[in-house]
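Trainee: Handing you a structure now.
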Amino acid sequence: MIIIGEKINGAIPSVSKAIEARDEDAIRDLVRKQVDAGASYIDVCAGRAPENEKDEMLWLIGVIESETDTPLCVDSPNPKLLELLIPRIKTKGIANSISGEGDKCDVLLPVVKEYGWDVIALTCDDTGIPAKADKKTEIAFRLIQKCAEYGIPPDRIYVDPLVLALSAVNDSMVNFMQAITDIKAKYPTVRFTSGLSNISYGMPYRKIVNQLFLALAMSVGMDSAI
């Protein structure tokens, strides 16, 4: 199981404060704790004001790289920022992410190809995040084919079928598992990841729900979790 540590994210209030204060010690502590807990990659996401994202990401990446050689999963909704950041990072990592939205693929995939990175492919497009497995699968096929146009093979792609919260969509787990099964049937070497804790949003006993989700998802071939 490839674990992508998710704790360096400006959407977390304590991390947001650390970024604003440029508190290197706080970020280093989060890096060490995640590496010690077995993280294969460290996700880094500024997650704050878009106008400050470039400077904040460059600062975060510098602090993290000075603390660990663990590769990064560089996370931003802005593909042009990822395009700028990837050439500056020491170790090959994962670009987070492409999707069927706008021009994300055409902006990001050339630099992913050039620098030999892996990439997360989200099963959403300009119409939103689909709930049903067949639509998730359709978008995934398009993204895998788009990657192929840039010479990026399936084994460098982490498809994220975007599990929805059970509190809002009762059959979200069923559709997530079916999407993995259907995509894997056509592309057996493609890899899968997910924002694991999304499944339990708004629910009690979140840790238990997350653990069950992980076990069930692994049973159908999920390789990674954020």
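Each reported figure results from applying straightforward, stated rules to the coordinates on display, with no laboratory input. Please read these numbers as outputs of a predicted model, since none were measured by experiment. Virtual Cβ from ideal backbone geometry, glycine too; neighbours counted across all protein chains shown.
Trainee: Would you please state the base-10 log of I(q)/I(0) at q = 0.14, 0.17 1/Å for segment 1-117, with intensities from the Debye formula using one equal scatterer on every alpha carbon?
Mentor: -0.53, -0.79
Trainee: At each listed q (0.16, 0.19 Å⁻¹), what is the log10 of I(q)/I(0) that the Debye formula gives for segment 31-77 modelled as equal alpha-carbon point scatterers?
Mentor: With no solvent term, the Cα-only Debye profile gives -0.43, -0.58.
Trainee: Mind ordering 54-60, 13-19, 157-163, 72-78 by average Cβ neighbours within 10 Å, highest first? Could you put the intermediate results ahead of the total?
Mentor: Details: 54-60: 18.4, 13-19: 16.4, 157-163: 26.1, 72-78: 22.1.
Put in order of decreasing packing, that is 157-163, 72-78, 54-60, 13-19.
Trainee: If R₀ is 22 angstrom, what is the calculated FRET efficiency for the pair residue 33 and residue 1, using the beta carbon separation as r and rounding to 0.05?
Mentor: FRET efficiency, residue 33 to residue 1: 0.75.
Trainee: Taking the Cβ-Cβ separation of residue 88 and residue 170 as r and a Förster radius of 35 Å, what is the calculated FRET efficiency to the nearest 0.05?
Mentor: Numbers: r = 44 Å, r/R0 = 1.25.
Once the sixth-power term is evaluated, E becomes 0.20.
Trainee: Evaluate the distance, in nm, between pseudo-label points positioned 7 Å from the Cα of residue 215 and of residue 113 along their respective Cα→Cβ axes.
Mentor: The answer from the label model is 4.4 nm.
Trainee: Expressed as a rounded percentage, what relative contact order does the chain have, with Cα pairs under 8 Å and six or more residues apart?
Mentor: This gives 15 percent for the chain.
Trainee: Per 10 Å bin from zero, what fraction in whole % of the C-alpha pairs of the chain is there, up to the bin with the longest pair?
Mentor: Pairs per bin, as whole percents: 8, 33, 38, 20, 1.
Trainee: Check the straight Cα-Cα distances from residue 17 and name the lysines below 22 Å, setting aside those fewer than 8 residues away within the same chain.
Mentor: 7, 33, 54
Trainee: Now for a different question. Measure off 7 Å from each Cα along the Cα-to-Cβ vector at residue 80 and residue 22, then give the distance between these two points in nanometres to one decimal.
Mentor: Calculated label separation equals 2.6 nm.
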